[in-house]
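Undergrad: One structure coming up, written as structure tokens, with questions to follow.
The values are calculated or read from the model by the stated rules, or taken from the named source; none is laboratory data. Values in this document were obtained by computation on a predicted structure and should not be read as measured data. Here the Cβ positions follow ideal geometry from the backbone for every residue, glycine too, while neighbour counts run over all protein chains shown. These accessible areas exclude ligands, DNA and RNA; they are computed on the full protein's heavy atoms, side chains included. Shrake-Rupley method; radii C 1.70, N 1.55, O 1.52, S 1.80 Å.
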Amino acid sequence: MNYKDLIVWQKAMDLATEIYGLTTKLPKEELYGLINQLRRAAVSIPSNIAEGNARASTGDYLRFLSIARGSNA
């Protein structure tokens, strides 16, 4: 199955898009603090789901899903 077909990946992409939109409303002095951290965490979620999906072993896939879950937290 392609990672783009996964509902969790689709929802993670929606979340990343939402985070980018919301962070434009934060003060500019937060650009290299909170804004950067929120955006990097949001992008990390679908990125790790996609990368894990491309891995050859179930163990690797689960490890990347765990990283995505940590970014979500």
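Undergrad: Name the most mobile residue of ALA54, ALA16, ALA42, meaning the one with the largest mean-square fluctuation, in a Gaussian network model of the chain with Cα contacts below 10 Å.
TA: Most flexible of the set in this elastic network: ALA54.
Undergrad: Give me the net charge for the shell around ILE67: Cβ to Cβ below 15 angstrom, other residues only, Lys and Arg +1, Asp and Glu -1.
TA: +2
Undergrad: If you place +1 on the Cβ of every Lys and Arg and -1 on the Cβ of every Asp and Glu, how big does the dipole about the Cα centre of the range 26-73 come out, in debye to the nearest 20?
TA: 60 debye
Undergrad: In the range 1-51, which chymotrypsin sites (Phe, Trp or Tyr not before Pro) are in a loop and have at most 12 other Cβ atoms within 10 Å, using DSSP for the loop call?
TA: When the chymotrypsin sites (Phe, Trp or Tyr not before Pro) of the range 1-51 are filtered for loop state and at most 12 Cβ neighbours within 10 Å, TYR32 remain.
Undergrad: May I ask you to give the percent of accessible area on the chain that is carbon plus sulfur, with a probe radius of 1.4 Å?
TA: 57 percent
Undergrad: Tally Lys and Arg at +1 and Asp and Glu at -1 over the other residues with C-beta under 14 Å from the C-beta of LYS25: what net charge comes out?
TA: -1
Undergrad: Using the Kirkwood radius built from alpha carbon pairs, what does the Stokes-Einstein equation give as D for the chain at 37 °C and 0.692 mPa s, in µm² per second?
TA: 257 µm²/s
Undergrad: Continuing with this model, one more query. Would you calculate a helix-derived [θ] at 222 nm for the chain, using -39,500 (n - 2.57) for each DSSP H run of n ≥ 4 and dividing by the full residue count, to the nearest 500?
TA: After summing the helix terms and dividing by the residues of the chain, the value is -24500 deg cm²/dmol.
Undergrad: Mind checking the per residue accessible area of the chain for me, 1.4 Å probe, whole number of Å²?
TA: Averaged over the residues of the chain, the accessible area is 71 Å².
Undergrad: Leaving ligands, DNA and RNA out of it, rank VAL8, VAL43 by accessible area with a 1.4 Å probe, largest first.
TA: Accessible-area ranking of VAL8, VAL43, largest first: VAL8, VAL43.
Undergrad: Report the residue, chosen from LEU15, LEU26, LEU62, that carries the largest GNM mean-square fluctuation when the chain is represented by alpha-carbon nodes joined by springs under 10 Å.
TA: Among LEU15, LEU26, LEU62, the largest GNM mean-square fluctuation belongs to LEU26.
Undergrad: Moving on to the next point. Please find, in a Gaussian network model of the chain (springs between Cα atoms separated by less than 10 Å), the residue of GLU18, GLU29, GLU51 whose mean-square fluctuation is greatest.
TA: Most flexible of the set in this elastic network: GLU29.
Undergrad: A further question follows. Could you work out the relative contact order of the range 16-73, using alpha carbon pairs under 8 angstrom and six or more residues apart, expressed as a whole percent?
TA: For the range 16-73, the relative contact order is 31 percent.
Undergrad: Work out from phi, with θ = phi - 60° and the Karplus expression 6.51 cos²θ - 1.76 cosθ + 1.60, the ³J(HN,Hα) of each residue of the range 51-63, listed in order in whole Hz, and give x for Gly and Pro.
TA: In residue order, the calculated couplings are 5, x, 4, 7, 6, 7, 10, 5, x, 5, 4, 5, 5 Hz.
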